[in-house]
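Here is the structure we will look at.
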Amino acid sequence: MIINGKTSTCGLIGNPVEHTLSPVIHNNLAEMTGTNLVYVPFLVEAEKVEEAVRGAYALNIKGVNVTVPHKSAVIPYLEEIDSLAEKIGAVNTLVRIQGGYKGYNTDITGLFRAMQSENIHIKGENILLLGAGGAARAVAFLCASEGAATIYLCNRTMEKAKRIAEEVNNAFGKMCIIPVSFSDISGLQEASFLAMQCTSVGLYPDVEGVVLADGEVYDKIHTAVDLVYRPYETRFMKLVRAHGGRAMNGLKMLLYQGIIAYELWNGCSVSEEMACELLQKMKEEMGIYE
Ligand code: ATR
């Protein structure tokens, strides 16, 4: 990598940022595509979000990723916001435009592309969506917009599940989402489900944690997507596989959210070959050798 007067800068704002894999994605993409660009992490405290966004613009920073806990906090400081990101209420990618940044949510388009790459489709599926935090809310919008047959939203705190269901159902003008409790799941009539695991249960270091205890429910899960990727195979994924289902983790979601951000910043398209190569580099960074 040669840094010179023409090098453009992109980066990540969040807190913490030291374990991020995003520099692996973007700096490798810059190298693969022969682009004079560097990507660096920026630790930003909550009360400095506005200064960070305005400062990044003033410093001619080309693109910014936003991670926890600033994905909603950046919104008031944007020049424009993409309609999907606005609906979701969270932004993870800022693209430099005249006068400021335009915010996008490539987490969700990234998840969609990751699922497509694994031949997992939402349309016509019965979805069992687990969780009602920020990630689950975005996935609820995705499932509703991609034409799932039914979407059961299950969360420990029922109030939060009800709130998301109401919001999504209002946004789409129909009953897309049915909030349920964990004890309701075994009584659902559908014979099979695509499960979307959007809680933080099972995330390192809680590697023995699993959100669904009921073994019988696993028999109905033909495919599961766990948004967690540390550990690489969560206990939830192990249980799905042990009951004969397919399971993917969230690493490809992370990969494709980065790829889509890179494409937005550079006006290019990243090939599937490059995506595969990048995934390999991310796994190496995580110490995963399969
Ligand atoms: P994110 O932004 O990643 O979605 P979040 O907004 O903190 O994170 O949401 C975390 C999700 O994991 C929530 O659905 C939370 O359930 P509650 O709404 O009941 O808190 C879920 N979660 C976390 N720990 C859990 C546990 N031990 N059992 C069940 N659900 C849990």
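The values are calculated or read from the model by the stated rules, or taken from the named source; none is laboratory data. Quick caveat: nothing in here was measured; it's all calculated off a predicted structure. Positions of Cβ are backbone-derived with ideal geometry, glycine not excepted, and every protein chain shown enters the neighbour counts.
Any idea how many residues of the range 28-49 are assigned to a loop (DSSP other than H, G, I, E, B) and over 19 Å from Leu78 (Cα atoms)?
The number of residues fulfilling the criteria is 4.
Are there any pairs with C-beta distances below 8 angstrom linking a residue in the range 221-236 that is free of Cβ contacts under 8 Å to residues at least 24 places away in the same chain to a residue that is in a loop (DSSP other than H, G, I, E, B) and surrounded by 19 or more Cβ atoms within 10 Å (Cβ to Cβ), with the two at least 6 apart or on different chains, and if so which?
The qualifying pairs are Glu233/Asn249.
Mind listing whichever residues of the range 29-60 are closer than 30 Å to Gln280 by Cα and surrounded by fewer than 19 Cβ atoms within 10 Å (Cβ to Cβ)?
Correct list: Glu31, Met32, Thr33, Gly34, Thr35, Asn36, Val38, Val40, Pro41, Phe42, Leu43.
For the subset of the range 102-132 comprising residues that are closer than 16 Å to Asn65 by Cβ and touching an Asp or Glu at 6+ places or on another chain (Cβ under 6 Å), which member is surrounded by the fewest Cβ atoms within 10 Å (Cβ to Cβ)?
Here the residue is Lys102.
Restricting attention to the range 178-208, and to residues there that are within 11 Å of the ligand (Cβ to nearest atom) and crowded, with 16+ Cβ neighbours inside 10 Å, which single residue is nearest to Arg156 (Cα to Cα)?
Among them, the one singled out is Phe182.
Only one of (1) without any contact (Cβ under 8 Å) to a residue 24 or more places away in the chain; (2) part of a helix (DSSP H, G or I) fails for His19. Which number is that?
Single failed check for His19: (2).
Within the range 162-173, is even one residue without any contact (Cβ under 8 Å) to a residue 60 or more places away in the chain, within 16 Å of the ligand (Cβ to nearest atom) and more than 21 Å from the chain's Cα centre (by Cα)?
Yes, the range 162-173 contains a residue that is without any contact (Cβ under 8 Å) to a residue 60 or more places away in the chain, within 16 Å of the ligand (Cβ to nearest atom) and more than 21 Å from the chain's Cα centre (by Cα).
Could you check how many residues of the range 161-171 are out of contact with any strand residue (DSSP E or B) (no Cβ under 8 Å at 6 or more places or on another chain), surrounded by 13 or more Cβ atoms within 10 Å (Cβ to Cβ) and modelled with pLDDT of 95 or more?
Here the count works out to 2.
Within the group Ala144, Ala58, Ala73, Ala52, which residue is among the hydrophobic types (A, V, I, L, M, F, W, C) and within 19 Å of Val168 (Cβ to Cβ)? Write out each step before concluding.
Numbers: Ala58 fails: within 19 Å of Val168 (Cβ to Cβ); Ala73 fails: within 19 Å of Val168 (Cβ to Cβ); Ala52 fails: within 19 Å of Val168 (Cβ to Cβ).
None of the others qualify; the one that does is Ala144.
Spot the failing condition for Ile122; the list is (1) among the aliphatic types (A, V, I, L, M); (2) out of contact with any helix residue (DSSP H, G or I) (no Cβ under 8 Å at 6 or more places or on another chain); (3) touching a residue at least 40 places away in the same chain (Cβ under 8 Å), and only one is missed.
(2)
How about the range 222-239: which of its residues are under 21 Å from the mean Cα position of the chain (by Cα), within 23 Å of Lys123 (Cα to Cα) and more than 13 Å from the ligand (Cβ to nearest atom)?
Those that are under 21 Å from the mean Cα position of the chain (by Cα), within 23 Å of Lys123 (Cα to Cα) and more than 13 Å from the ligand (Cβ to nearest atom): Thr223, Ala224, Val225, Met237.
Please enumerate the residues belonging to the range 145-157 that are surrounded by fewer than 21 Cβ atoms within 10 Å (Cβ to Cβ), under 18 Å from Ile88 (Cα atoms) and not hydroxyl-bearing (Ser, Thr, Tyr).
Within the range 145-157, Glu146, Gly147 qualify.
Which numbered condition in (1) among the small types (Gly, Ala, Ser); (2) over 21 Å from Asp107 (Cα atoms); (3) within 11 Å of the ligand (Cβ to nearest atom) is the only one that Ala136 fails?
Single failed check for Ala136: (2).
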